[in-house]
Every structure is written in structure tokens, then in C-alpha cells.
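Some notes on the structure that comes next.
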Amino acid sequence: TVGKEDHRDSGQWMACSVGDADRDGVPDLCVAADEGKVVNNKRSIRLISCKSHELIRAVIDTGGAERCMRSLCGGLDYNRDGVEDVVVGFVGPGIGTGLVEVLSGATGGSLRRIVQSVDTAHTVKTP
């Protein structure tokens, strides 16, 4: 299975197209796993080349038990660098009621984080 590193995984898997992240002329795949308590609450997002089937980049998040990854989508170029970015949605009591993070398809770095609290949504700037 693409991106699966531990057979003890008990969490949720998601996948989406992210355009041509490695610029080889073929759209690529983003696979995300919320691996749950079995693997120390690791969350991983991997970009996989659909041409070579090799790993382009992996982003590992160890945000703890308070966050659960619930959604994943590609298809937008948030920072307009020519590479589609990835949007990941989280829920959990440790972050209010929800969190949406935009990750760079080119680098894997955080481009924007939006936290939804009980009262209002606010943006947390990231470097």
C-alpha cells in the first residue's frame, strides 16, 4: 500500500490528486494517514510520483492525540508558485473545534493555518 510503513496502523487514510508536484509532466498523488494511538499519534502526508511511483516528499506531524486528520484536498495553488498545494483539515478538543492547514506542494511547509474556535475563526500566520 502506498505510504503505509507500519502494518499496525489503525487510523484513517485519505488520498487526492495534487497536480504535477515534481514537474515531470504527470499529475501526482497525495496520501495522508492519521495513524492513531497505535503508532504514537503520528500523522503523515506523502506526495507520490504517479510516473515513477517513488516518494517525492513526506511531511510527518506528531501533533498528539488531540488532533485527528479528517479531510484532504489538492487542486489549488495557494502561493502561486506553479505547484498545487495541499489542504488538510483536523478536528479535536486541543485545537478548538477545527483546524485547516495549507501545505506547500513544492516544499511541504505550512503556508497558512486557520483555526476555528467555538466563537469565531481566526488565521494563525505561519512563516
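With every protein chain in place and a 1.4 angstrom probe, the accessible-area ranking of R57, R70, R112, R80, largest first, reads R80, R70, R112, R57. Compared with the direct C-alpha span, the chain from C16 to C50 gains 11.1 nm at full extension, assuming 0.36 nm per residue. As a calculated quantity, the FRET efficiency between S71 and R112 at R0 = 22 Å, using C-beta atoms, amounts to about 0.90.
The values are calculated or read from the model by the stated rules, or taken from the named source; none is laboratory data. This is a predicted model, so every value here is computed, not measured. Here Cβ is always computed from backbone atoms with ideal geometry, including for glycine, and neighbour counts include all displayed protein chains. Note: areas computed on protein heavy atoms with side chains; ligands, DNA, RNA excluded. Shrake-Rupley method; radii C 1.70, N 1.55, O 1.52, S 1.80 Å.
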